[in-house]
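Following: one structure in structure tokens, then a few remarks.
The values are calculated or read from the model by the stated rules, or taken from the named source; none is laboratory data. Here the structure is a predicted model, which is why all the values come from computation and not from measurement. A quick note on method: Cβ atoms are made from the backbone with ideal geometry, for glycine too, and the neighbour counts reach across all protein chains shown. Accessible surface is based on the protein model in full, side chains and every heavy atom, while ligands, DNA and RNA are left aside. Shrake-Rupley method; radii C 1.70, N 1.55, O 1.52, S 1.80 Å.
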Amino acid sequence: MPSRFLPLDETLFRYVLDHSVREHPAQVALREATQDQPHAGMQISPDQGQLMALLVRLLGARRTIEIGVYTGYSALCVALALPEDGRVLACDINEDYVRVGRPHWQAAGVAHKIQVQIGPALKTLDARLDAGEAGQYDFAFIDADKTGYDGYYERCLRLLRPGGLVAIDNVLWSGSVARPAQDADTAALQALNDKLHADARIDIAMVAISDGITLARKR
Ligand code: SAH
Ligand code: CA
């Protein structure tokens, strides 16, 4: 469970986990089940899951969006923080990953809150906008392909109500955003970070937890 970017040593990172994280047993089991999967490092860390759950509760969120589900740990963190009638619109292109998470969503008693949409997230979000759902969501978490982030951000901003929150993951990209870009993912994150800093439609904080999360509150 590497912290990846933060200059915390292992001892201090362990201390943070030990003094903030309160996991349901199904969250622990889902993290353990993910260890054997390819790309297990893509899963958000437990302290980040804890922060997202707190934000969801602060917002009083009921309708949420997740772009990039993987094996479903972040969706589980959000679903557990939602009220009984809360929903996660969970977007991913890969059903094989999502299948790993389902039994753990069931075990936590929140599977009914997580509505999986398999397919390119941009298509799913555009379909929701076409269905007239602009302004109806409280929270969105963007954590899929980095070159797609700008398109996801623009759609999410329209789908959110004023006062709603977008959380954007991996905005520090292991520190590479602060150096000249060598690849398309880094360039895309740099361009989005620049754009959001100047974006008058939002209130912003860039939080150096995990691989960096930008919190953008729709004005
Ligand atoms: N939030 C997850 C990690 C997501 S990893 C967790 O905490 O465990 C990124 C995910 O984005 C992968 O599962 C990948 O299949 C998905 N993805 C990549 N491109 C996508 C696209 N165009 N639309 C939807 N999902 C996509
Ligand atoms: Ca991520």
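Using a simple charge model, +1 on the beta-carbon of Lys and Arg, -1 on the beta-carbon of Asp and Glu, nothing else, what dipole does the chain show about its Cα centre, in debye to the nearest 20?
For this selection, approximately 680 debye.
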Q: Enumerate by residue number the trypsin sites (Lys or Arg not before Pro) in the range 22-76 meeting two conditions: DSSP loop (anything except H, G, I, E, B), and at most 11 other Cβ atoms within 10 Å of the site's Cβ.
A: Arg22
**Q.** the chain - accessible surface per residue (Å², probe 1.4 Å)
**A.** 46
Q.
Run the numbers for Leu12 and Gln35: contour at 0.36 nm per residue of separation, minus the present Cα-Cα distance, in nm.
A. 6.0 nm
Q | Estimated 222 nm signal from helices in the chain, with DSSP H stretches of n ≥ 4 weighted -39500 (n - 2.57), rounded to 500 | A | -12500 deg cm²/dmol
Q | Given charges at beta-carbon only (K, R positive; D, E negative), |dipole| of the range 34-98 in Debye | A | 360
**Q.** Most mobile listed residue (Ser174, Ser74, Ser20) in the chain, GNM with C-alpha springs under 10 Å
**A.** Ser20
Q | Spacing of the two label points (7 Å from each Cα toward its C-beta) at Ala134 and Ala181, in nm | A | 2.8
Q. For the range 63-144, what % of the accessible area comes from carbon and sulfur atoms, probe 1.4 Å?
A. 50
